[in-house]
1. Examine segment 141-151 for a residue that is open to solvent by 40 Å² or more (accessible area, probe 1.4 Å), modelled with pLDDT of 95 or more and not in a helix (DSSP H, G or I), and state whether such a residue exists.
2. Tell me which residues, restricted to segment 77-103, are of a type in the set (S, T, N, Q) and assigned to a loop (DSSP other than H, G, I, E, B).
3. Take L74 and decide whether it is farther than 29 Å from Q178 by Cβ, open to solvent by less than 40 Å² (accessible area, probe 1.4 Å), free of Cβ contacts under 8 Å to residues at least 40 places away in the same chain and not in a loop (DSSP other than H, G, I, E, B).
4. More than 23 Å from A58 (Cα to Cα) and in contact (Cβ under 8 Å) with a residue 24 or more places away in the chain - does that describe any residue in segment 164-171?
5. Answer yes or no: is there a residue in segment 120-133 that is small (G, A, S) and open to solvent by 10 Å² or more (accessible area, probe 1.4 Å).
6. For residues in segment 1-16 being open to solvent by 70 Å² or more (accessible area, probe 1.4 Å) and within 18 Å of V82 (Cα to Cα), which is modelled with the lowest pLDDT?
7. Looking at segment 66-99, which of its residues are touching an Asp or Glu at 6+ places or on another chain (Cβ under 7 Å) and over 15 Å from C111 (Cβ atoms)?
8. Residues in segment 152-179 that are in a helix (DSSP H, G or I) and either within 16 Å of the chain's Cα centre (by Cα) or not hydrophobic (A, V, I, L, M, F, W, C) (or both): how many?
Amino acid sequence: MNTDAALLLETVNFAAEKHRNQRRKDAEETPYINHPIGVARILSYEGGVTDIEALQAALLHDTVEDTDTTPAELEANFGPIVARIVQEVTDDKHLPKQERKRLQVEHAPHCSRQAKLVKLADKLYNLRDLNRCTPVGWTAERVQEYFVWACEVVKGLKGTNSALEEKLEQLFRQRGVQL
């Protein structure tokens, strides 16, 4: 049974298993799985996205970067399109953090539309989370720097989904950051 609902439930289950011992960096140590589920929800509910592979990639977007998941494992379980989208949004953890951030800005305009959708929803989720609560060990200055950097990434994603872009623009405007 390969209905969209069944595919999404299988994807959520896989992501939940992979992220089961991880927590977000907020004071409450929120279960990490809330993040990819929230990103997929933003895509669907707020962005109007119905593309099943983009929604699956949203659920899986941090599995290669933050767990022992391999691109080959994603391809075997979810097919080449989902695996490709996840690869497009995955940072190379072998590189220094500043270099990874620079490459996100540089690569954003060249991503597929599906990867751009995932990136937009991911940034929107993370920025809302930063407004909700500052991660443990972060200063107000670091939060503001994240907004400035995220804005640079989002500039390279413009023209992908106006609903999500408008919501991001509102968040940036509240922080005095020009998109």
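1. There is no residue in segment 141-151 that is open to solvent by 40 Å² or more (accessible area, probe 1.4 Å), modelled with pLDDT of 95 or more and not in a helix (DSSP H, G or I).
2. Here is the first cut: in segment 77-103, the ones of a type in the set (S, T, N, Q) are 77, 87, 90, 98.
Scanning segment 77-103 gives a single hit, T90.
3. So L74 fits the description; yes.
4. We begin by selecting, within segment 164-171, every residue more than 23 Å from A58 (Cα to Cα); these are none.
Scanning segment 164-171 turns up no residue that is more than 23 Å from A58 (Cα to Cα) and in contact (Cβ under 8 Å) with a residue 24 or more places away in the chain.
5. no
6. N2
7. Scanning segment 66-99 gives a single hit, K93.
8. 14
The values are calculated or read from the model by the stated rules, or taken from the named source; none is laboratory data. Remember, predicted model here, so these are calculated numbers, not experimental data. Glycine gets a Cβ as well: all are built from the backbone with ideal geometry, and neighbour counts include every protein chain shown. Accessible surface areas use protein heavy atoms only, side chains included; no ligands, DNA or RNA. Shrake-Rupley method; radii C 1.70, N 1.55, O 1.52, S 1.80 Å.
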